[in-house]
Amino acid sequence: FELLRDAANGFRIGAATNTIHYSNRNYIEAMKSFNYMVAENACKFVSIQGTKGRYNFDDCDNHLKKAQELKMDFRGHALIWHSMAPQWLEREDSNTMKQSIIDHITTVLKHYEGKIDTWDVVNEAIDDGSNGNGWKLRNSFLYQKVPNFIDIAFQTARKVSPNTKLFYNDYNTEGIWAKSESVYQFVADMKKRNIPIDGVGIQYHVGVNVQPQFDKINNLISRYCKLGVEVHITELDVSCDDNCNDRDGGEGKQSQVYINALKACLNNSCCTGFLVWGIGDSDSWRGAENKPLLFNSNYQPKGQYNAILETL
Ligand code: XIL
């Protein structure tokens, strides 16, 4: 099959990968289509610092090594997140937790200095019930103990690694739900308060039945551009919902969602990265039966793949 990276002309087109699949040659062949990579889990807080103060970079390093071998750029995901955080962190008191946040960001960014140019600094911190009129922060253990953890995280990251691009990443932010508007306002407020943020990750976990329209996502991305931040589509996958039994397995409808997302990104110069969340359907966190990705469970390209290829 033709490679996406050959059609991409330097534009970063990527996928989440996982070393547990690296022994599968078909997986690697499919992976080679991309020029950008993110580790599905290996660079998260609990993966790197499962035990307090004992940093284990092995799996995150192994992802990065593979990316370098295949001449792919590598995206950092994620420094601070209420989920996939270690138990020990959750149990700490406010002052200790604040210091642990600072220490983790400092140590990880220093370890990857010069190797990873973009990190999700904070992941999923806005409450799902945010109604587009202002925003609410998620009532997580982070927020409860360190209410200003977002500011601290970004300020620490900038100080430790001034050249790293710092992203905020979240879901339900593709222009369908009210939360999209709340996240926009939240990012605008960070800019206004001079909190160092360089970009926004739109996760884009969607399905064909409630899908983002081109105009909406295009408009949203262009507003981010005007704000002076970059945008990445970070975790795109599209469930077939109840269209999975269509003659084409729902691929036609799913392709349309993929095309709209990519077109909206390519249409805005500040949208500098586009990543899908996994390689083959069988590995997807959405479940293989939802057939959400570009390759099937045998790592053969599907209709969605060709749709992306032609849109690039
Ligand atoms: C998911 C992984 O795909 C799963 O393997 C893991 O069990 C849970 O996390 N938003 C994110 C990603 O930012 O890190 C999540 O990844 C999916 C939702």
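The values are calculated or read from the model by the stated rules, or taken from the named source; none is laboratory data. This structure is a prediction, so every number in the text was calculated from the model and none was measured. Note that each Cβ is placed from the backbone with ideal geometry, even for glycine, and that neighbours are counted across all protein chains shown.
Hey, any hits in the range 263-276 for a residue that's touching a helix residue (DSSP H, G or I) at 6+ places or on another chain (Cβ under 6 Å) and within 16 Å of the ligand (Cβ to nearest atom)? Yes, because at least one residue in the range 263-276 is touching a helix residue (DSSP H, G or I) at 6+ places or on another chain (Cβ under 6 Å) and within 16 Å of the ligand (Cβ to nearest atom).
Give all pairs with beta carbons closer than 6 Å in which a residue from the range 119-140 that is of a type in the set (S, T, N, Q) meets a residue that is within 16 Å of the ligand (Cβ to nearest atom); count only pairs at least 6 apart in sequence or on separate chains. Final answer for the pair search is ASN123/ALA78; ASN123/TRP81; ASN123/ASN169; SER130/LYS179; SER140/HIS82. Applying the set (1) closer than 22 Å to VAL183 by Cβ; (2) not in a helix (DSSP H, G or I) to LYS216 leaves exactly one unmet item: (2). Taking the range 1-112 as the region of interest, the helices (runs of 4 or more DSSP H) fully inside it that hold 1 or more residues being among the basic types (Lys, Arg) and away from the ligand (no atom under 16 Å from the Cβ) are 4-8, 25-31, 58-69, 94-111. For first residues located in the range 165-186 and at positive phi and more than 11 Å from the ligand (Cβ to nearest atom), partners that are of a type in the set (Val, Ile, Thr) and at pLDDT 95 or above and lie 6+ apart or on another chain with Cβ distances below 7 Å form the pairs GLY175/ILE217. Confirm whether VAL208 is at pLDDT 95 or above, within 18 Å of the chain's Cα centre (by Cα) and either assigned by TED's automatic domain parsing to the domain that holds GLN256 or more than 16 Å from the ligand (Cβ to nearest atom) (or both). No: the conditions fail for VAL208. Can you give me the number of residues within the range 1-20 that are over 12 Å from LYS66 (Cα atoms) and surrounded by 17 or more Cβ atoms within 10 Å (Cβ to Cβ)? Final tally of qualifying residues: 9. Of the set (1) over 24 Å from TRP277 (Cβ atoms); (2) in contact with a Gly (Cβ under 8 Å, 6 or more places away or on another chain), all apply to GLU113 but (2). When each of ARG138, ARG158 is tested for being over 25 Å from VAL257 (Cβ atoms) and within 14 Å of the ligand (Cβ to nearest atom), the lone residue that passes is ARG138.
Here is a yes/no grid of residues against (1) farther than 30 Å from GLN300 by Cβ; (2) touching a Lys or Arg at 6+ places or on another chain (Cβ under 8 Å):
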| residue | (1), (2) |
| --- | --- |
| THR17 | no, yes |
| TYR27 | no, no |
| TYR36 | no, yes |
| HIS63 | no, no |
| ILE116 | yes, yes |
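Assess whether MET31 counts as being surrounded by 15 or more Cβ atoms within 10 Å (Cβ to Cβ), over 23 Å from LEU166 (Cα atoms) and under 19 Å from the mean Cα position of the chain (by Cα). Break it down stepwise before answering.
Details: surrounded by 15 or more Cβ atoms within 10 Å (Cβ to Cβ): yes; over 23 Å from LEU166 (Cα atoms): yes; under 19 Å from the mean Cα position of the chain (by Cα): yes.
So MET31 passes the test.
Taking the numbered list (1) within 15 Å of the ligand (Cβ to nearest atom); (2) over 20 Å from the mean Cα position of the chain (by Cα) in turn, GLY129 passes all entries but (1). Filtered by the rule that a residue be within 13 Å of the ligand (Cβ to nearest atom) and assigned to a loop (DSSP other than H, G, I, E, B), the range 277-300 gives TRP277, GLY278, ILE279, SER284, TRP285, ARG286, GLY287, PRO292, LEU293.
Does the range 274-305 hold any residues that are over 17 Å from HIS21 (Cβ atoms) and surrounded by fewer than 16 Cβ atoms within 10 Å (Cβ to Cβ), and which are they? Lay out the reasoning, then the answer.
We begin by selecting, within the range 274-305, every residue over 17 Å from HIS21 (Cβ atoms); these are 274, 289-291, 302-305.
Of everything in the range 274-305, just one residue is over 17 Å from HIS21 (Cβ atoms) and surrounded by fewer than 16 Cβ atoms within 10 Å (Cβ to Cβ), namely GLU289.
Checked against (1) within 19 Å of THR164 (Cα to Cα); (2) in a loop (DSSP other than H, G, I, E, B), ASN245 meets all criteria but (1).
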